[in-house]
Amino acid sequence: MNDFKLDPPVCPAHGKPTKREACPACNAAYMRGYLRKIRQTRPHKTILERARKRARRQGLPYSLRRQDISLPARCPVLGISLRTGQSRSPASPSLDRIDPVQGYIPGNVRVISDHANKLKGNRCLADIRSLSLKGPPARRAKYQAVAAYVEREALLVEVRQKAARDPRPNSPWQVIADFLERRFRSFAG
Ligand SMILES: [Zn+2]
C-alpha cells in the first residue's frame, strides 16, 4: 500500500546509485528515487508536470500555476482517498479538464482520481448517462457518480459566466460561484 518507507531504489551493480555518469542503471535508480521524492513532497508539482506534458502532446492550451489547483484528500467524483507519493494507480490524483477542448486553463480543471478520470475519458454527458443505465452492471454506480460530477461542473461554468457579466466585486453570482467552487473541491458524500 504505502511505499513511502521502502528503501530508495538501488542499482543492481552498484547498490547506492553513485555512478550516474557512467552507469545507466545507477541513473535510472537515482531518477526513480528523485521522482518518488517529488511525488511525496510536492504532489502539486507532479500533477502540473503531467498536465503540462499532456497539453504539449495534444496541442492544448496550458496556463496553470500552483494556486490554480486544489488537491483534496478524497476524489470529488468517487470519494476514494487520493494517494500521492506513489507510482501511478487508480487512486492517484489526476487533473480533469472539465471542458476537454479548452485545455489546462484556470477554472477548467479539477483534481479527481485517475480512476474517475479514465471512466470519464472523452465521453459526453449523454454517453456517461447511458453507461450508468446500460453499461457493465458493476460499473453503473460509478458512471452515475461521473455523470453527477459532469453535471455539477457544467452548472458551475454557467454560474461563472453569469458572474463574469456582473462587474461588481462581490456580485451574487460571484458569491455563488465561490461557494460552489469550494464545495466541489472535495467529496460531498
Ligand atoms: Zn550502477
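The values are calculated or read from the model by the stated rules, or taken from the named source; none is laboratory data. As the structure is a computational prediction, the values presented were derived from the model and not from experiment. Cβ atoms come from the backbone with ideal geometry, glycine included; neighbour counts cover every protein chain shown.
Observations
- Residue 77, sole failed condition from (1) in contact with a strand residue (DSSP E or B) (Cβ under 8 Å, 6 or more places away or on another chain); (2) of a type outside the set (D, E, K, R); (3) within 26 Å of residue 185 (Cα to Cα); (4) part of a helix (DSSP H, G or I): (4)
- Residue 94, sole failed condition from (1) part of a strand (DSSP E or B); (2) at pLDDT 95 or above: (2)
- Taking each residue of the stretch 164-189 that is within 19 Å of residue 146 (Cα to Cα) and looking for partners that are of a type in the set (Asp, Glu) and at pLDDT 90 or above with beta-carbon atoms closer than 9 Å, six or more apart or interchain, yields 184/153.
- When 177, 188, 154, 163 are checked against the criterion of being more than 21 Å from residue 122 (Cα to Cα) and touching a Leu at 6+ places or on another chain (Cβ under 8 Å), a single residue qualifies: 177.
- Residue tally, condition buried (at least 19 other Cβ atoms within 10 Å of the Cβ), in contact with a Phe, Trp or Tyr (Cβ under 9 Å, 6 or more places away or on another chain) and either part of a loop (DSSP other than H, G, I, E, B) or at pLDDT below 95 (or both), over the stretch 98-144: 1
- Residue check, residue 17 under 19 Å from residue 150 (Cβ atoms) and either part of a loop (DSSP other than H, G, I, E, B) or modelled with pLDDT under 90 (or both): no
- Test for residue 47: is it at pLDDT below 95, in contact with a Leu (Cβ under 7 Å, 6 or more places away or on another chain) and away from the ligand (no atom under 16 Å from the Cβ): yes
- Verdict on residue 10 being surrounded by 13 or more Cβ atoms within 10 Å (Cβ to Cβ), among the aliphatic types (A, V, I, L, M) and within 16 Å of the ligand (Cβ to nearest atom): yes
- Any hit, the stretch 81-89, residues being free of Cβ contacts under 8 Å to residues at least 12 places away in the same chain, over 20 Å from residue 154 (Cβ atoms) and either touching an Asp or Glu at 6+ places or on another chain (Cβ under 8 Å) or of a type in the set (Lys, Arg) (or both): yes
- Residues satisfying the criterion are present in the stretch 16-37 (criterion: charged (D, E, K, R), away from the ligand (no atom under 16 Å from the Cβ) and closer than 30 Å to residue 103 by Cα).
- If you check 155, 131, 119 for being touching a residue at least 12 places away in the same chain (Cβ under 8 Å) and more than 21 Å from the chain's Cα centre (by Cα), only one passes: 131.
- Taken over the stretch 156-189, the residue count meeting the criterion of being closer than 16 Å to residue 96 by Cα and either in contact with a helix residue (DSSP H, G or I) (Cβ under 7 Å, 6 or more places away or on another chain) or part of a helix (DSSP H, G or I) (or both) is 4.
- Residue list for the stretch 158-189, restricted to those being loosely packed, with under 15 Cβ neighbours inside 10 Å and within 18 Å of the chain's Cα centre (by Cα): 182, 183, 188
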